[in-house]
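Participant: Can you read through this structure? Questions will come right after.
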Amino acid sequence: MGSTPFDYTHLLAPDLPAPAARWQGFPEFNFVGGHNDADGVPVAELIDAMTTVLQREGKTLATYNLASGPQGYQTLRAFVAEKVQRQRGIRCTADDVLITSGSLQGIDLVNEVFLAPGDTVLVEQFTYAGALTRLRRRGVNIIG
């Protein structure tokens, strides 16, 4: 067996982005989502909230969307609908609300509905990299 490493580059798609830089640790000011100030996390309140949810939901925690179906947790959807009505004056019900698993799922759904390859999208200079990746995959023209 030779010492030459296996060359697999011919197997990759020709238009892949450049590899990510090697991990160097978090920057001093990290604005990437999910990196909160550890001192700002209300641990005691989170424990109380989790205890409340565990007592109320119990076994449904192990079921898909807490047995609420594909639009997301029914109680949360009702809360959002009520808040939208109260604060924004928009009439809606829980059936009008969709809870996503994260921002990229929401972005993917919106892109699927509203964008076709070749469409043009305007973005801000500092835009979420995940959104840009999804737009590129959708085949749209990105300006910004």
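Participant: Consider only pairs whose beta carbons are under 7 Å apart and that are at least six residues apart or on different chains; among these, list those whose first residue lies in region 61-79 and is touching a residue at least 60 places away in the same chain (Cβ under 8 Å) and part of a helix (DSSP H, G or I) and whose second residue is surrounded by 15 or more Cβ atoms within 10 Å (Cβ to Cβ) and among the basic types (Lys, Arg).
Facilitator: No pair meets every condition.
Participant: Got a sec? Which of LYS59, LYS83 is of a type in the set (Lys, Arg) and under 29 Å from THR127 (Cα atoms)?
Facilitator: Matching residue, one of LYS59, LYS83: LYS83.
Participant: Any residue at all in region 92-110 that's in a helix (DSSP H, G or I), in contact (Cβ under 8 Å) with a residue 12 or more places away in the chain and in contact with a strand residue (DSSP E or B) (Cβ under 7 Å, 6 or more places away or on another chain)?
Facilitator: Taking every residue of region 92-110 in turn, none turns out to be in a helix (DSSP H, G or I), in contact (Cβ under 8 Å) with a residue 12 or more places away in the chain and in contact with a strand residue (DSSP E or B) (Cβ under 7 Å, 6 or more places away or on another chain).
Participant: Determine if region 77-88 includes at least one residue that is β-branched (Val, Ile, Thr) and assigned by TED's automatic domain parsing to the domain that holds ILE142.
Facilitator: no
Participant: Separate question: What's the number of the condition PRO14 fails, among (1) more than 25 Å from GLY102 (Cβ to Cβ); (2) at pLDDT 90 or above?
Facilitator: So the condition that PRO14 fails would be (2).
Participant: Would it be correct to say that VAL84 is under 20 Å from the mean Cα position of the chain (by Cα), modelled with pLDDT of 95 or more and either over 23 Å from LEU16 (Cα atoms) or not in a helix (DSSP H, G or I) (or both)?
Facilitator: Against the criterion (under 20 Å from the mean Cα position of the chain (by Cα), modelled with pLDDT of 95 or more and either over 23 Å from LEU16 (Cα atoms) or not in a helix (DSSP H, G or I) (or both)), VAL84 does not qualify.
Participant: Something else about it: Condition (residue is aromatic (Phe, Trp, Tyr) and under 30 Å from ALA129 (Cβ atoms)) applied to region 69-85: is it met by at least one residue?
Facilitator: Yes, because at least one residue in region 69-85 is aromatic (Phe, Trp, Tyr) and under 30 Å from ALA129 (Cβ atoms).
The values are calculated or read from the model by the stated rules, or taken from the named source; none is laboratory data. Note that the coordinates shown come from a computational prediction; the quantities given were computed from them, not determined experimentally. FYI the Cβ positions are ideal-geometry reconstructions off the backbone, even for glycines, and counts take in every protein chain you see.
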